[in-house]
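Step one of this worksheet: look at the structure below.
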Amino acid sequence: MALLDKFAAADALKSQLEAGGHDPTQVVMDRIISPTEGIVEGRQTILAGTNNYLGMTFDPACIEAGKHAIETQGTGTTGSRMANGSFAAHAALERDLADFFQVPYGLVFSTGYAANLGTLTALLKPGDAVLLDADAHASLYDGCQMSGADIFRFRHNDTGSLEKRLQRLGERARDCLIVTEGLYSVMGDCAPLVDIVALKNRYGALLLVDEAHSLGVYGDRGCGVAEAQGVMQDVDFFVGTFSKSLGAMGGFCVSHHPELNLVRYVSRPFIFTASSSPSIIASTRESLRQLQARPELRETLWRNARNLYRGFQSNGFEVGPEISPVVAVRLGKKEVALPFWNRLLENGVYTNLMIPPASPDQHSYIRCSVSAAHSEKQVERIIEIFCQVKEQI
Ligand SMILES: Cc1ncc(COP(=O)(O)O)c(C=O)c1O
């Protein structure tokens, strides 16, 4: 096979997606009007698939903080923290995050993807064992894979399956790492962390939880699913991203283990990439402050989440297992989901298309993410347009 022949499969997928009208991977937002509205192909469109859970992308204080940082510190850092030095704000954000999670140590990465790669490749080495939820995000999987550790996948959110794997590991279970998300990003279901923690403690394993989609969304203080389930102290490593509820870009790991500070010396995704620009760090710090100071944002988010979930349900759509700001509508076959997603876009609703192999089972879904910035009217309109499209398909 010639080197470039391997693209044949991607080319076939591209043609298939284009045949539906719009290629979901190529949607261009001509103009962003607000956290919940944009102009797509000349049409005013409700953004219902952007993970902008708290609507922070247009928060005036975050914008001001970002502008001030650009004016006073410049547009970029022009290199990695290891080689070019950290700006004071990077260290300050690490302290902010550690304080927020009530642990002593924090480390900031340039993306959420890099946070997972960087943390997992530092924690795991060939010969180690890692137990990974079957639906875990690609960045968690890639980090485990890159580390060279032995990966054992357990069935999604199935503690029976996790325990079987722990038992099979025998002595190795004492030194293994369990990896899970808080809120799962496709189906909008939460990990049973109380039961996972009980197993981790029984077998002496360590636990890493990715709260990418749950930060700012779950828990009284907005720390995530571990906080909501009362098990924060039993989590060894929290990872997360600035690109969702914090409305910026970047990632982090926080922990009560002092070894997190040593990750800086050995983690290639930390060492060999440029650090986040001053404006990103400044807007993220402000956003984290807002997240804590304005719990009402979470209340609005949850009201919108309940309305969307129940609205879909009462109109006969099959939705995920629990109410959350991620609402997945199951459409079964790809041949239904693809035109459905296209008609939604043409009618002014932007959502996320999930088709195999990118969906967790062999079914296709349209995924919506709700924001505190959505108005009740916008939520009603999303449901209305889903119903109209259902009639047309
Ligand atoms: C669970 C999870 N972890 C990590 C990431 C990566 O974060 P980022 O896009 O900020 O790099 C994502 C992104 O979608 C995610 O869903």
Residue in region 114-132 that is farther than 26 Å from Pro360 by Cα and in a helix (DSSP H, G or I) present = yes
Candidate set from region 213-264 (those that are touching a Cys at 6+ places or on another chain (Cβ under 9 Å), within 16 Å of the ligand (Cβ to nearest atom) and outside any loop (DSSP other than H, G, I, E, B)); member that is nearest to Ile196 (Cα to Cα) | Val225
Among the candidates Leu162, Leu166, Leu177, residue that is surrounded by 20 or more Cβ atoms within 10 Å (Cβ to Cβ), of a type outside the set (Lys, Arg) and either under 21 Å from the mean Cα position of the chain (by Cα) or over 14 Å from Asp195 (Cβ atoms) (or both) | Leu177
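Can Leu208 be described as among the aliphatic types (A, V, I, L, M), in the same structural domain as Val130 (by TED's automatic domain parsing), within 15 Å of the ligand (Cβ to nearest atom) and under 26 Å from Glu299 (Cβ atoms)?
Answer is no for this residue.
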Could we say that Asp5 is more than 27 Å from the chain's Cα centre (by Cα), surrounded by fewer than 14 Cβ atoms within 10 Å (Cβ to Cβ) and not polar (S, T, N, Q) here?
-> yes
Just a yes or no: is a residue in region 118-126 closer than 23 Å to Val266 by Cβ, touching a residue at least 24 places away in the same chain (Cβ under 8 Å), away from the ligand (no atom under 16 Å from the Cβ) and open to solvent by less than 30 Å² (accessible area, probe 1.4 Å)?
-> yes
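Here are Val235, Val254: which of them is over 30 Å from Gln73 (Cβ atoms) and assigned by TED's automatic domain parsing to the domain that holds Thr121?
Result: Val235 is the single residue among Val235, Val254 that is over 30 Å from Gln73 (Cβ atoms) and assigned by TED's automatic domain parsing to the domain that holds Thr121.
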Going by the conditions given, is Phe100 hydrophobic (A, V, I, L, M, F, W, C), surrounded by fewer than 21 Cβ atoms within 10 Å (Cβ to Cβ) and away from the ligand (no atom under 16 Å from the Cβ)?
-> yes
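Hey, any hits in region 182-201 for a residue that's aliphatic (A, V, I, L, M) and open to solvent by 50 Å² or more (accessible area, probe 1.4 Å)?
yes
A quick yes/no check of all residues on (1) out of contact with any strand residue (DSSP E or B) (no Cβ under 6 Å at 6 or more places or on another chain); (2) in a helix (DSSP H, G or I); (3) open to solvent by less than 10 Å² (accessible area, probe 1.4 Å); (4) among the hydroxyl-bearing types (Ser, Thr, Tyr):
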{"residue": "Arg285", "(1), (2), (3), (4)": "yes, yes, no, no"}
{"residue": "Gln290", "(1), (2), (3), (4)": "yes, yes, no, no"}
{"residue": "Glu296", "(1), (2), (3), (4)": "yes, yes, no, no"}
{"residue": "Tyr309", "(1), (2), (3), (4)": "no, yes, no, yes"}
{"residue": "Arg330", "(1), (2), (3), (4)": "no, no, no, no"}
{"residue": "Ser371", "(1), (2), (3), (4)": "yes, no, yes, yes"}
{"residue": "Lys377", "(1), (2), (3), (4)": "yes, yes, no, no"}
{"residue": "Lys390", "(1), (2), (3), (4)": "yes, yes, no, no"}
Quickly run through region 41-50 and pick out the residues that are in a strand (DSSP E or B) and buried (at least 21 other Cβ atoms within 10 Å of the Cβ).
-> Thr45, Ile46, Leu47
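The values are calculated or read from the model by the stated rules, or taken from the named source; none is laboratory data. For clarity, every value in this text was computed on a predicted model and none was experimentally measured. As a convention, Cβ positions derive from the backbone with ideal geometry for all residues, glycine included, and neighbour counts pool all protein chains shown. Calculation scope for accessible area: heavy atoms of the full protein, side chains included, ligands and nucleic acids excluded. Shrake-Rupley method; radii C 1.70, N 1.55, O 1.52, S 1.80 Å.
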